[in-house]
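The values are calculated or read from the model by the stated rules, or taken from the named source; none is laboratory data. Not measured: the values here are computed from a predicted model. Ideal geometry is used to build each Cβ from the backbone, glycine not excepted, and the neighbour counts take in all protein chains shown.
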Amino acid sequence: MKRIAALGLALTTLSLCGPASAAPPPQLTPGPAVYSGYGALASSFTTLTAHWTQPEVTCPPTISGVLGGVTNTLVTGSSMLKIPGLLAIPEAAIGTLFVPHMGAWIGMVGTNETNNRSLVQTGTGALCLDGVAHNTAFFAAPSFGDQSGLPVPDPDAPGTTWDNPPIRSGDDITATITWDGQSTYRLTLANTTRGWHYGATYHGSVIPTGALTVVEAIPYNVPGFSPVTFTDVTADGKPLSTYDVRTLAIDGPHITPTPLTGTTFTIPSP
């Protein structure tokens, strides 16, 4: 269930190459129905960073997750089609549909010369198992066609997905992604409350022309969670609001972010 794992719950590419020519801004997501937050477009981004507090997550009864998965499939045509690479892993697709989960993350998205869109992301999540929320953190780099690409964690990092060292609701999180202008991405995630800081490296041919700061959840199977406020959201050292910004919202229930004010916005509770 790589996608769930990758999103830290969830939450669950390419070969190394030289500089590529500029690409037009891509569609930010396969479909906005699974993301709530903001995406920005530019000719390219070199740095994206954000801060948030891990929310308190309340899990529904197990039967609600099953019913939510069925509703999602019938009403939306299945959000499997709107999560990067999920269809490539059938067991993860099934788990994602029927297991309530949410994630908070930042990501850079772009398109390479073969028109393959990829997402480089890092953040935190919570996955409901037996009615209990399990908090995790992750590094991920799915393409919109598959999930074969993974960042390489630093030697001291616990992996691409981890719950130990722990993350708990109320922890302060800071995430950063940098692109060297050629083919290397650096991802870092820090829990300043618990004192850990980890990094990973990803090599790919995609030029990042989109920057995302979002909460992700599957429509009709969204667990309860306290509001998530993103602060210090900057791209290349400038407030995200200074770019060509697009608002993204989760459907079922409809979860729309508060207005983006400079570097700050909030995802309200479902």
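Scanning region 215-229 for residues that are part of a strand (DSSP E or B) and in contact with a helix residue (DSSP H, G or I) (Cβ under 9 Å, 6 or more places away or on another chain), which turns out surrounded by the most Cβ atoms within 10 Å (Cβ to Cβ)?
Ala217
Residues checked against (1) part of a strand (DSSP E or B); (2) surrounded by fewer than 16 Cβ atoms within 10 Å (Cβ to Cβ):
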site: Thr234; (1), (2): yes, no
site: Ser241; (1), (2): no, no
site: Thr247; (1), (2): yes, yes
site: Pro253; (1), (2): no, yes
site: Thr258; (1), (2): no, yes
site: Phe265; (1), (2): yes, no
site: Ser269; (1), (2): no, yes
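Consider Ala157 carefully, then state whether it is in a strand (DSSP E or B), of a type in the set (Gly, Ala, Ser) and modelled with pLDDT of 95 or more.
no
Scan region 143-153 and give yes if some residue there is buried (at least 20 other Cβ atoms within 10 Å of the Cβ), among the aromatic types (Phe, Trp, Tyr) and within 23 Å of Thr264 (Cα to Cα), otherwise no.
no
Would you confirm whether or not region 139-147 contains a residue that is among the aliphatic types (A, V, I, L, M) and in contact with a Gly (Cβ under 6 Å, 6 or more places away or on another chain)?
Yes, the conditions are met somewhere in region 139-147.
Here's the yes/no breakdown for (1) modelled with pLDDT under 65; (2) touching a helix residue (DSSP H, G or I) at 6+ places or on another chain (Cβ under 9 Å); (3) under 30 Å from Asp180 (Cβ atoms); (4) surrounded by fewer than 20 Cβ atoms within 10 Å (Cβ to Cβ):
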position: Cys17; (1), (2), (3), (4): yes, no, yes, yes
position: Phe45; (1), (2), (3), (4): no, no, yes, no
position: Cys59; (1), (2), (3), (4): no, yes, no, no
position: Val66; (1), (2), (3), (4): no, yes, no, yes
position: Ile83; (1), (2), (3), (4): no, yes, yes, no
position: Ile94; (1), (2), (3), (4): no, yes, no, yes
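Take Thr49 and tell me if it is modelled with pLDDT under 90 and either surrounded by 23 or more Cβ atoms within 10 Å (Cβ to Cβ) or assigned to a strand (DSSP E or B) (or both).
Considered against the rule, which asks whether it is modelled with pLDDT under 90 and either surrounded by 23 or more Cβ atoms within 10 Å (Cβ to Cβ) or assigned to a strand (DSSP E or B) (or both), Thr49 comes out as no.
Among the residues of region 107-154, what is the count of those that are under 19 Å from Gln182 (Cβ atoms), touching a strand residue (DSSP E or B) at 6+ places or on another chain (Cβ under 8 Å) and assigned to a loop (DSSP other than H, G, I, E, B)?
Residues meeting the conditions: 5.
Is at least one residue of region 224-242 in contact with an Asp or Glu (Cβ under 6 Å, 6 or more places away or on another chain), under 30 Å from Ile63 (Cα atoms) and modelled with pLDDT of 95 or more?
Within region 224-242, one or more residues are in contact with an Asp or Glu (Cβ under 6 Å, 6 or more places away or on another chain), under 30 Å from Ile63 (Cα atoms) and modelled with pLDDT of 95 or more.
Cβ-Cβ distance below 7 Å, separation of 6 or more or different chains: which pairs start in region 243-270 with a residue that is on the phi > 0 side of the Ramachandran plot and end on one that is part of a loop (DSSP other than H, G, I, E, B) and modelled with pLDDT under 95?
Note: pairs meeting the criteria are Gly252/Pro219; Gly252/Tyr220.
Consider Asn164 carefully, then state whether it is more than 20 Å from Gly37 (Cα to Cα) and crowded, with 18+ Cβ neighbours inside 10 Å.
Here the answer is no, as Asn164 does not meet what is asked.
Take region 179-208 and flag every residue that is within 17 Å of Ser143 (Cα to Cα), modelled with pLDDT of 95 or more and among the hydroxyl-bearing types (Ser, Thr, Tyr).
Listed by number, the residues that qualify are Thr184, Tyr185, Thr201, Tyr202.
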